[in-house]
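Colleague: Below are the structure tokens for one structure; questions will follow.
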Amino acid sequence: MSDGVLEVRGVTKAYGEVQVLRGIDLTVREHEAVALIGASGSGKSTLLRCIDLLDDIDDGDVFLDGEVITDPACDPVQVRRRLGMVFQAFNLFPHMTILQNVTLAPQRAHGVATAQAREDARVLLARFGLAGREDDYPDRLSGGQQQRVALVRALATRPRALLLDEITSALDPELVGEVLSVVRELKGEGMTMLIATHEMGFAREVADEVCFLHDGLIVERGDPEQMFTAPEREETRRFLARLLDARRL
Amino acid sequence: MTTVASGRRAAREQARRRKARRGTIIAAVSSVIVLGGLAALILTSSGWPSVKATFFSWSAFKTSFPHVLRAFWTDVKLFLVVEVIVLIAGLVIALVRTTRAPAAFPLRVLATLWVDILRGVPTILVVYLVGFGVPALQLSGLPTDPVVLGGIALAMSYSAYVAEVYRAGIDSVHPSQRAAALAVGLTHTQAMRAVVLPQAVRRVMAPLLNDFISLQKDVALVSVLGPLEAFRVAQIFAAENFNYTPLIAAALLYLCVTVPLARVLDRMQAHSREVTAGTTPL
């Protein structure tokens, strides 16, 4: 295999009659950020869920550090403990405080002692501007703050790679920036990331490679500059033009 | 500018006060008319004197009440014990019904049958069948005390209802919560215990309390097996003196435990409305 942290090989997935993924090949190397772009329903979220083993794939394989994780003999719980995932709708646990949201996985899944888990959580929360909110419940926070907590929750288990599923799509426009700046910082520290996003400017800035998903296939991929300025495929051009039109409205 | 605004404000407040005063007056007048009319209708009916003598006799109340009250402790003990059993058994049944583990398949079938049958059969029938059927088996080690048997029957019947309440709660927690719990690395069991169940139980607190209230009065069904609980003792007094006042005494005692709980329930529901109104949708 090559030097990828995440390797996706020929992955297909159907929900009933609907073929969502038609054979995806993708590599995310160490310290790399790969952006997945494409219209709603093109399969971005499904691909991320399949990599985190929240959904079963039909065919193909996914490798994490060279180890095949989609083998039926592989324990999905162990795999998920090595990956971090952040969802579009935050999915914080509403009955737990911010601190409890962050310490749950280190304590229960990784056996970190309570005091240590709390200390680590406080440090991480403070780093991302959430000091003083530890004892609040999620519904007391703005959307941007909630999503930053969700990022901290995913980081608390020191994942090998982060899977970000359109993490700014549910936010008010003025809150998008504070969340993206966290991701930018993580990229600066060398976090390996696979990012499904609608923020083209952000993808262009942070990603090492951009993949355009269309109808369950990656129809074009390349470095961000080339993808956004001189896309080769007709579908990519049409998608980007539609986005530009939407922005002008 | 400010004087104009405060002038408008004073006028508005005055109008609001006027409206509130009118509301109070209308409520008072309509209460007097409706309740007074009802009371007049009953008190002037030709049968009232005999109803008063047979249902509301002060002397019959005084002689029977201490006995009914003593017997009522059996009811209180019974529903407290049965309620605890029901809360635990109902949760276990609900968890079995929601698990997807293949090894639990036979258990799942049993749980489904349990709920279908015990929810579909009148509680009084279950009390009869358990109360008279189990002793008839003549197996040593099985309980023969009618209070215990009646309690078992009530626990069986109510565990079926409560299991469905729990299950509705579990189903009402959005799948994205489970996905998030799994994504941070929890096992299915951990996700259920730490994330899904706490939210589910919070949501079904009101219906659970509602079932608790029904159970508090359904303990009277155990009387068909003969133990001297409140309703049974009241019945005996009534039969001896051809006076139904002891039944009223028993009714008052049941009300003493169900009404306070109903008020607690009201407050909880009002509170949960406030909480959910202030919560961002998940």
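The values are calculated or read from the model by the stated rules, or taken from the named source; none is laboratory data. All values derive from a computational prediction rather than experimental measurement. Neighbour counts are summed over all protein chains in view; Cβ atoms, including those assigned to glycine, are modelled from backbone coordinates with ideal geometry.
Colleague: Kindly evaluate residue B:193 against the criterion of being within 14 Å of another protein chain (Cβ to nearest Cβ) and among the charged types (D, E, K, R). Let's see the steps before the verdict.
Modeller: Values: within 14 Å of another protein chain (Cβ to nearest Cβ): yes; among the charged types (D, E, K, R): yes.
Criteria met by residue B:193.
Colleague: Continuing with this model, one more query. Identify, from the list B:63, B:54, B:74, the residue that is touching an Asp or Glu at 6+ places or on another chain (Cβ under 7 Å), surrounded by 13 or more Cβ atoms within 10 Å (Cβ to Cβ), closer than 20 Å to residue B:235 by Cβ and polar (S, T, N, Q). Walk me through it before giving the result.
Modeller: On the way: B:63 fails: touching an Asp or Glu at 6+ places or on another chain (Cβ under 7 Å); B:54 fails: touching an Asp or Glu at 6+ places or on another chain (Cβ under 7 Å).
Among B:63, B:54, B:74, only B:74 is touching an Asp or Glu at 6+ places or on another chain (Cβ under 7 Å), surrounded by 13 or more Cβ atoms within 10 Å (Cβ to Cβ), closer than 20 Å to residue B:235 by Cβ and polar (S, T, N, Q).
Colleague: I would also like to ask the following. Out of the residues in the range B:201-220 that are over 22 Å from residue A:94 (Cβ atoms) and either of a type in the set (A, V, I, L, M, F, W, C) or within 14 Å of chain A (Cβ to nearest Cβ) (or both), state the one that is surrounded by the fewest Cβ atoms within 10 Å (Cβ to Cβ). Don't jump to the end; show me each part of the working.
Modeller: Just the residues of the range B:201-220 that are over 22 Å from residue A:94 (Cβ atoms), to begin with: B:210-220.
Still in the list and also either of a type in the set (A, V, I, L, M, F, W, C) or within 14 Å of chain A (Cβ to nearest Cβ) (or both): B:212-213, B:215, B:219-220.
Values: B:212: 20, B:213: 16, B:215: 23, B:219: 26, B:220: 19.
Across the range B:201-220, the extreme among qualifying residues is B:213.
Quick grid of which residues meet (1) in contact with a Leu (Cβ under 7 Å, 6 or more places away or on another chain); (2) more than 22 Å from residue B:158 (Cα to Cα); (3) in contact (Cβ under 8 Å) with a residue 40 or more places away in the chain; (4) in a helix (DSSP H, G or I):
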residue	(1), (2), (3), (4)
B:207	no, no, yes, yes
B:246	no, yes, yes, yes
B:249	no, yes, yes, yes
B:256	no, no, no, yes
B:261	yes, no, yes, yes
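Colleague: Here are the criteria: (1) touching a Leu at 6+ places or on another chain (Cβ under 8 Å); (2) at pLDDT 95 or above. Tell me which single one residue A:123 does not satisfy.
Modeller: (1)
Colleague: Would you be able to tell me the number of residues in the range A:154-185 that are closer than 14 Å to residue A:129 by Cα and either acidic (Asp, Glu) or buried (at least 17 other Cβ atoms within 10 Å of the Cβ) (or both)?
Modeller: So the count comes out to 7.
Colleague: Let me ask another. What number of residues within the range B:132-173 satisfy the criterion of being surrounded by 21 or more Cβ atoms within 10 Å (Cβ to Cβ) and modelled with pLDDT under 85?
Modeller: Count: 0.
Colleague: Output the residues belonging to the range A:33-54 that are in contact with a strand residue (DSSP E or B) (Cβ under 7 Å, 6 or more places away or on another chain) and not β-branched (Val, Ile, Thr).
Modeller: Answer for the range A:33-54, where residues must be in contact with a strand residue (DSSP E or B) (Cβ under 7 Å, 6 or more places away or on another chain) and not β-branched (Val, Ile, Thr): A:33, A:35, A:36, A:38, A:42, A:43, A:44, A:45, A:47, A:48, A:50, A:52.
Colleague: Within the range A:35-66, track down each residue that is within 14 Å of chain B (Cβ to nearest Cβ) and part of a strand (DSSP E or B).
Modeller: Of everything in the range A:35-66, just one residue is within 14 Å of chain B (Cβ to nearest Cβ) and part of a strand (DSSP E or B), namely A:64.
Colleague: Now a separate question. Picking from B:195, B:201, B:222, B:233, which residue would you name as being in contact with an Asp or Glu (Cβ under 7 Å, 6 or more places away or on another chain), assigned to a helix (DSSP H, G or I), of a type outside the set (Ser, Thr, Tyr) and touching a residue at least 12 places away in the same chain (Cβ under 8 Å)?
Modeller: One residue alone meets the criteria, B:222.
Colleague: Restricting the search to the range A:67-120, which residues are in a strand (DSSP E or B), more than 13 Å from chain B (Cβ to nearest Cβ) and either of a type in the set (A, V, I, L, M, F, W, C) or buried (at least 17 other Cβ atoms within 10 Å of the Cβ) (or both)?
Modeller: A:68
Colleague: With (1) within 15 Å of the chain's Cα centre (by Cα); (2) part of a loop (DSSP other than H, G, I, E, B); (3) more than 28 Å from residue A:25 (Cα to Cα) as the list, and residue A:179 as the residue in question, which single condition is left unmet?
Modeller: (2)
Colleague: Going through B:68, B:121, B:86, B:92 one at a time, which residue ends up being buried (at least 19 other Cβ atoms within 10 Å of the Cβ) and modelled with pLDDT of 90 or more?
Modeller: Testing whether each residue is buried (at least 19 other Cβ atoms within 10 Å of the Cβ) and modelled with pLDDT of 90 or more leaves just B:86.
Colleague: In addition: Out of the residues in the range A:135-156 meeting the condition of being not hydroxyl-bearing (Ser, Thr, Tyr) and not in a helix (DSSP H, G or I), tell me which one is farthest from the other protein chains (Cβ to nearest Cβ). Spell out the reasoning first.
Modeller: Here is the first cut: in the range A:135-156, the residues not hydroxyl-bearing (Ser, Thr, Tyr) are A:135-136, A:138-141, A:143-156.
Right, trim to not in a helix (DSSP H, G or I) and you get A:135-136, A:141, A:156.
On the way: A:135: 17, A:136: 13, A:141: 9, A:156: 8 Å.
Result: A:135.
Colleague: Any chance you could count how many residues in the range B:167-187 are outside any loop (DSSP other than H, G, I, E, B) and at the interface with chain A (Cβ under 8 Å from one of its Cβ atoms)?
Modeller: The total comes to 7.
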